[in-house]
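See below for the structure under consideration.
Here, each number is a calculation from the coordinates, and none is a lab measurement. A quick note: this is a predicted structure, and the numbers were derived from the prediction, not measured. We place every Cβ from the backbone using ideal geometry, glycine too, and count neighbours over all the protein chains shown.
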Amino acid sequence: MSTHTLHPMPQASFRKRSQEVLDNPALRKSFRGAMDFLMQKRAAQFPDPARLEALRRQGEAIRQYSLSRLPELLEQLEANLKKNGVQVHWAETPVQAQEIIAGIMARADAEMIVKGKSMVSEEIELNHALEARGIAALESDMGEYIVQLAGERPSHIIMPAIHKTKEEIARLFAEKVPGVDYTDSVDELIQIGRQVLREKFRATKVGLSGVNFAVAETGTICLVENEGNGRMCTTVPDIHIAITGIEKVVEKLEHVPPLLALLTRSATGQAVTTYFNWITGPRRPGELDGPREMHLVLVDNGRTQAYARPDFRATLQCIRCGACMNHCPVYTRIGGLAYGTTYPGPIGKIISPHMLGLKGTSDLVTASSLCGACGEVCPVKIPIPQLLIDLRARSQAGGPDPHTPPLAGEGEGRKPLLALSFKLWSRLYRSPALYRLFSFLATRFRRLTPGRQGAWTDSRTPLVPAPRSLHELVRQRELSRSPQKP
């Protein structure tokens, strides 16, 4: 069986892609307006700060408790899913996950799969892998369907097509959907998408969905959605494939409601989503609907690396609400496509290094002002700014830490000249004599300061030493105030 290799967009293009967005006023205005709207909706759902903080602490405790027992809970989940008639598959890498799903499709002699929203399927680039095998993959979430037609990545984990205007979508539908004329009516565009997808639901043998939470004690899959397409993907086709990262497991059903309350309010500002699906297995004897066969694919793809490091384990607490993106001053200005990774924004900066390695993501971990907004709004209190600082340190590390498991690509972001500069700077600041000599020379030869100072002078004036150092000015003032001897 052929395999498909992941090809993330090169980080060398990150600055270029970011600049292209910054140079597009219309796109920046669209993003800014969308993010402001989402922030306002979230704020309206949490009018009581004390209640919000209590709920966040509860969500954090549930996620930390689940992660502390992750291996045990995954085994319990597998056992109970099997009791419920679900076939469980484990995939350490994206390629393994691709092969598992392609194998299920081949055994069913299926030529098409209709997909509900699933960021993990985006993560493993499932659509491209199946298409390389001659299998059509169709997105049924409206946002995902739009970006699929455009040949783009999702720009947001909750709202994949948030970067597109209705006029752009209208032109896209007129170009790509047979028999459709141009219309910029949102209602008509939605109806066009529904008509296309309805026929596909009837024709397909296999549907795929994501997973928001997996309950170990009952073997229950929880799926949150607004459009109803997820329910169609999980009930109409003969075979349902669910795919998720290994970190989505919780122990008990009672752990789900607090996380659900945080997820929907933080993501779209809704008290609850339109549909909340509890899936406990394939169709049973006597039941009139549901799939005849169900599979769950549990994907690692670097998650065990984060789990093995106590300092990075909090990364796996994420419930994929996207609130950190909506409040991030970097994301709200450049959008998700500039990152070049499946998960953009603050959560992408801390999870992508574990999936793709620090070598390919060292630019992302520095694309942050460390303002702390992401950590303040995270519903499960992930310390994102601290994790970014730690990843920056590991990216620039001179060698692996002997006391902790290494990270993939650790030290790959280290630049010899930059490392030497900081070593000299450290030596200078630890020696009072050298520091005084440096200050004297810098002030006396200030006119030799270069006008071009790397990225600093792209948007700022050059840094030039003052004519005299602070120490010298203080000494001069003290001397001027001291009484003169007769």
Subject >> P(r) histogram, all alpha-carbon pairs of region 392-456 included - 10 Å bins from 0, percent >> reply: 17, 32, 30, 16, 5
**OP:** Mind listing the lone cysteines of the chain, meaning no other Cys beta-carbon sits under 4.7 Å from theirs?
**Re:** CYS222, CYS233, CYS318, CYS321, CYS328, CYS371, CYS378
Subject >> Helix-only CD estimate at 222 nm, as mean residue ellipticity for the chain, using -39500 (n - 2.57) per DSSP H run (n ≥ 4) >> reply: -14500 deg cm²/dmol
Subject >> Restricting region 207-300 to trypsin sites (Lys or Arg not before Pro) in coil, as DSSP defines it, with at most 16 other Cβ within 10 Å >> reply: LYS252, ARG292
Original post:
So, with +1 on the Cβ of K and R and -1 on the Cβ of D and E, and no other charges, what is the size of the charge dipole of the chain about its Cα centre, to the nearest 20 debye?
Top reply: 2980 debye
**OP:** Name the residue farthest towards the positive end of the dipole of the chain from the options ALA106, PRO379, PRO462, assuming +1 on Cβ of Lys and Arg, -1 on Cβ of Asp and Glu, about the Cα centre.
**Re:** PRO462
Original post:
In units of 2.2 N^0.38 Å, what is the alpha-carbon radius of gyration of the chain?
Top reply: 1.15
Subject >> Backbone N under 16 Å from the ARG475 label point (7 Å along Cα→Cβ), restricted to region 423-442 >> reply: 432-442
Original post:
Relative contact order of region 432-481: what whole-number percent is it, with Cα pairs under 8 angstrom and at least 6 residues apart?
Top reply: 37 percent
Subject >> Mean Cα-pair separation over length for the chain, i.e. relative contact order, pairs under 8 Å, 6 or more apart, % >> reply: 18 percent
**OP:** Obtain the nm distance between the two label points defined at LYS176 and GLN64 by a simple spin-label model: each point lies 7 Å from its Cα along the Cα-to-C-beta direction.
**Re:** 4.3 nm
Original post:
Scanning the chain for chymotrypsin sites (Phe, Trp or Tyr not before Pro) in DSSP loops with at most 14 other Cβ atoms within 10 Å, what's the longest stretch left with none?
Top reply: 183-444
Subject >> Taking the convex hull of Cα positions in region 432-481, its mean projected area over all directions (nm²) >> reply: 4.6 nm²
Original post:
So how do LEU358, LEU473 line up by other beta-carbon neighbours within 10 Å, fewest first?
Top reply: LEU473, LEU358
Original post:
What is the fewest-to-most order of THR366, THR461, THR449, THR220 by other Cβ atoms lying within 10 Å of their Cβ?
Top reply: THR461, THR449, THR366, THR220
**OP:** Mind checking region 227-326 for GluC sites (Glu not before Pro) that DSSP puts in a loop (not H, G, I, E or B) and that have at most 14 other Cβ atoms within 10 Å?
**Re:** GLU287
Subject >> Vicinal HN-Hα couplings computed from phi for region 361-377 (Karplus, 6.51 cos²θ - 1.76 cosθ + 1.60; Hz; Gly/Pro x) >> reply: 10, 5, 5, 5, 5, 9, 7, 8, 7, 6, 6, x, 4, 4, x, 5, 9
Subject >> Unsatisfied cross-links (Cα-Cα over 20 Å) in the set LYS176/LYS200; LYS16/LYS423; LYS349/LYS381; LYS83/LYS252 >> reply: LYS16/LYS423
Original post:
Given C-alpha coordinates of region 46-304, what is the ratio Rg to Rh with the Kirkwood estimate of Rh?
Top reply: 0.97
